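Chemist: Here's a structure for you.
The values are calculated or read from the model by the stated rules, or taken from the named source; none is laboratory data. A quick note: this is a predicted structure, and the numbers were derived from the prediction, not measured. Because the Cβ atoms are built from the backbone with ideal geometry, glycine has one as well, and the counts that use them run over all protein chains shown. Just the protein is used for accessible areas: all its heavy atoms, side chains included, with ligands, DNA and RNA removed. Shrake-Rupley method; radii C 1.70, N 1.55, O 1.52, S 1.80 Å.
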Amino acid sequence: MVTRRRMIGAALATGGGVLLLRATVRPAPLQAAHTAATGTGTGNGTGTAMDMDMGAGPAAGTGAAADPGPDAGPALAEKFTAVLPLPPVLSPVDTADGTDTYSVTMLRSFARILPGHRTEVLTYNGAFPGPVIRARSGRPVVVRQRNLLDDPVSVHLHGAAVPAASDGGPMNLLDAGAARTYTYPNDQPHASLWFHDHAHQLESEHVYRGLSGTYLLTDATEEALPLPSGRYDLPIALRDARFDHAGRLVYRMDDPAGRATILANGRPWPKVEVAARKYRLRLLNSSNLRFFSLRLADGGPITQIGSDGGLLERPHTTDTVDLSPGERADVVIDFSRYKVGSSVVLTNSMPPGPAEHVGVVLRFDITRAAHDPSSVPAVLRTLPALPTAVARERTVVLTVDETPGAAPRGMIDGKVYDPNRVDAAVAFGTSEIWTVVNGNKETPHNFHLHLVQFRVLARNGKAPGPEESGLKDTVRLMPGESVRLQASFTSYRGRYPYHCHLLDHSAMGMMAQMEIT
């Protein structure tokens, strides 16, 4: 397991950044995002926009400095004054024939993220943070997506086993003004998934500006457990952001230190009132670049019960939860150990950025006593045994050019992404072992494999920690690290990508393609 010192050292090695790009480097032009950043317009191609009131006060003026500096955003928000919002849960427009059908529109909106300011964002159904879809294993979901943005998009359900046509691949684009139906069979066990834009060279800025949401898949195994539920089960999406003096989102590649405002469910450093009892928190790192190392300020216990692909076999008690971009952790915190009227802060020990800002995430305020019938069983589920027959072993190397002044290129096995190239031919119905290597000395990466949930066999030649013992679809790779994983390709045929989920890296070309036949 990587040490905390090594993780922090890697984050500091490039002057506080996780990329080697200069701040002036941008991917292909983004008309909608550029408009939002410069204030040159407020509508979209269809003249549609929504104004969401999140209780942050009246709209502000439009003037702003050309270069606000990294501290402009934090200065606009006082910590622990905003209330943690819960993302809206979508209702299906049709439930006929055992299928839940949803209607979703991608459009520009205005969110009241910071006090006294309106911030233009890109959204699903006008929601920032993005909405929640609740699904059940064995019951299909159909989502009719309509794109009212100026740019093409591609909707990817991260962590799901879906047909290639509905996977939301980087080149399977939904053009501006067009509509498409995505079909999710839900032929997999429970998992806390999420969906986000995946249009190649646009995904980084689109997700940064808001195009992501939550997809909670449940099943009978999960529902039979006495875990905290209902109002005591909270989805929390974490990310960072940079704002100018007018409260507008500022997007720049290679800007993790400048993104010094930490958002939880779209609000800066919020507070959340909790009862003195157990809560289930479904944590998602929806950042483009930032790694989180989360702990309670008093070092109190956190019980991890799940990861990307659902529940672990057994709960794991720890004081720290590490999440790279795209990773999820399902945890239980028992607030009965605190007195009513007290508070505890969820902190982050991973740079870059000013510690007084990026070092805190949110505050739990214990406001009342409550009956608590919930518990965390010693055994949560039984995972299927790993196949003993392995058809093939592969090695995948992730790199960016760390030479100062080098062109910004992300590579897998020394190659920049080419949608016309198949990088891995996989036989349907087989199991493979992949060794994924971070070939850089200073730059961290992570690795996301579409279509499958895999098992981590080893990290740096040693058995993985209990937090990586379950089903995973995304794993972190600090400089020089390697992860050995096993995946079974038994659900669908077709072409699917694999890539670094530091989205600026994938936008740079750190992506490859497998074809399952």
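Chemist: What list of ³J(HN,Hα) couplings, whole Hz, do you get for region 186-193 from phi and the Karplus terms 6.51, -1.76, 1.60, once you set θ to phi - 60° and write x for glycine and proline?
Modeler: Each residue of region 186-193 in turn: 6, 8, 8, x, 3, 5, 8, 9 Hz.
Chemist: Taking only Cα atoms of region 365-467, what ratio of Rg to Rh do you get with Rh as the Kirkwood inverse-distance radius? Write down the numbers at each step before the final one.
Modeler: Working: Rg = 20.4 Å, Rh = 18.1 Å.
Rg/Rh: 1.12.
Chemist: Using the Karplus equation 6.51 cos²θ - 1.76 cosθ + 1.60 (θ = phi - 60°), what ³J(HN,Hα) coupling, rounded to whole Hz, does each residue of region 117-127 give in order, writing x for Gly and Pro?
Modeler: Residue by residue, region 117-127 yields 9, 10, 10, 6, 9, 9, 9, 9, 6, x, 9 Hz.
Chemist: If you don't mind, another one. Using r as the Cβ-Cβ distance of H371 and R139, and R0 as 41 Å, what FRET efficiency do you calculate, to the nearest 0.05? Present the calculation step by step, with values, prior to reporting the outcome.
Modeler: Numbers: r = 32 Å, r/R0 = 0.78.
Working from the Cβ atoms, E equals 0.80.
Chemist: By the gyration tensor of its Cα atoms, with a ≥ b ≥ c the square roots of the eigenvalues, what is the shape of the chain: rounded for a/c under 1.5, prolate for a/b over b/c, or oblate?
Modeler: On the way: a/c = 1.21, a/b = 1.06, b/c = 1.14.
In terms of gyration-tensor shape, rounded.
Chemist: I need the peptides 78-90, 369-381, 198-210, 480-492 ranked by packing, meaning the mean over residues of other C-beta atoms within 10 angstrom, with the highest value on top. Display every interim value, and only then the final one.
Modeler: On the way: 78-90: 16.7, 369-381: 14.0, 198-210: 25.9, 480-492: 18.8.
Output ranking for 78-90, 369-381, 198-210, 480-492: 198-210, 480-492, 78-90, 369-381.
Chemist: Here's a follow-up. Once Lys and Arg get +1 and Asp and Glu get -1 on their Cβ, which of G480, A424, S109 lies farthest toward the positive end of the dipole of the chain?
Modeler: G480
Chemist: Cα gyration tensor of region 94-176, axes a ≥ b ≥ c as square roots of the eigenvalues: rounded (a/c below 1.5), prolate (a/b > b/c) or oblate? Before the final figure, lay out each step's value.
Modeler: Working: a/c = 2.26, a/b = 1.55, b/c = 1.46.
It is prolate, given that a/c is not under 1.5 and a/b is the larger ratio.
Chemist: Return the FRET efficiency for the residue pair R231, A463: r is the Cβ-Cβ distance, R0 is 45 Å, and the value is rounded to the nearest 0.05. Please report the intermediate quantities before stating the final value.
Modeler: Numbers: r = 38 Å, r/R0 = 0.84.
Calculated value: 0.75.
Chemist: Please report how far the C-alpha centroid of region 328-349 lies from that of region 444-485, rounded to the nearest whole angstrom.
Modeler: Each part reduced to its Cα centre gives a spacing of 27 Å.
Chemist: Send over a whole-number figure in Å² for the accessible area per residue of region 113-217, probe 1.4 Å. The partial results should precede the final answer.
Modeler: Working: 2560 Å² over 105 residues.
Ligands and nucleic acids excluded, the result is 24 Å² per residue.
Chemist: For the chain, give the magnitude of the charge dipole about the Cα centre (Cβ charges: +1 Lys/Arg, -1 Asp/Glu; no others), in debye to the nearest 20. It would help to have the intermediate numbers written out before the result.
Modeler: Details: 51 positive and 51 negative charges, 143 e Å.
Here the size comes out at about 680 debye.
Chemist: At a 10 angstrom cut-off on C-beta neighbours, averaged per residue, how do the peptides 117-129, 463-475 rank from highest to lowest? Let's see the in-between values first.
Modeler: Details: 117-129: 24.8, 463-475: 21.1.
Listed from highest to lowest mean packing, they are 117-129, 463-475.
Chemist: Just to confirm my numbers, what's the Cα centroid distance between region 150-176 and region 77-129 in Å?
Modeler: Result: 20 Å between the Cα centres.
Chemist: Leaving out ligands and nucleic acids, note down the accessible area per residue over region 365-410 with a 1.4 angstrom probe, in whole Å². Provide the component values of the computation, followed by the final result.
Modeler: Details: 2750 Å² over 46 residues.
Per residue, region 365-410 has an accessible area of 60 Å².
Chemist: Continuing with this model, one more query. Give the Rg/Rh ratio for region 206-317, taking Rg as the radius of gyration of the Cα atoms and Rh as the Kirkwood radius, to two decimals. Numbers along the way, then the final one.
Modeler: Numbers: Rg = 16.3 Å, Rh = 16.3 Å.
Rg divided by Rh gives 1.00.
Chemist: For the chain, what % of the accessible area comes from carbon and sulfur atoms, probe 1.4 Å? The partial results should precede the final answer.
Modeler: Working: 9340 of 18060 Å².
It is 52 percent, rounded to a whole number.
Chemist: Apply the a/c threshold of 1.5 to the C-alpha gyration tensor of region 256-332 and tell me whether it is rounded, prolate or oblate. Please report the intermediate quantities before stating the final value.
Modeler: Numbers: a/c = 1.83, a/b = 1.30, b/c = 1.41.
Note, shape of region 256-332 comes out oblate.
Chemist: Could you work out [θ]222 nm for the chain from helices alone, using -39500 (n - 2.57) per DSSP H run of at least four and dividing by all its residues? Round to the nearest 500 deg cm²/dmol.
Modeler: On the way: 7 runs with 41 residues, N = 517.
My calculation for the chain gives -2000 deg cm²/dmol from helical runs alone.
Chemist: Determine the gain in length on full extension of the stretch E223-A96; use 0.36 nm per residue of separation and subtract their C-alpha separation, reporting nm with one decimal. Intermediate values should be presented prior to the final figure.
Modeler: Values: separation 127, 0.36 × 127 = 45.72 nm, distance 2.35 nm.
So the extension gain works out to 43.4 nm.
Chemist: Give me the count of lysine pairs in the chain whose alpha carbons sit under 20 angstrom apart, restricted to pairs 8 or more positions apart or on different chains. Don't skip to the answer; put the middle values down first.
Modeler: Working: K79/K271; K271/K339; K278/K339; K415/K441; K462/K472.
Within the chain, the lysine pair count is 5.
Chemist: In whole Å, how far is the Cα centre of region 257-277 from that of region 366-390?
Modeler: What the calculation gives is 25 Å, centre to centre.
Chemist: Could you tell me what percent of the DSSP beta bridges with both partners in the chain are antiparallel, to the nearest 5?
Modeler: 70
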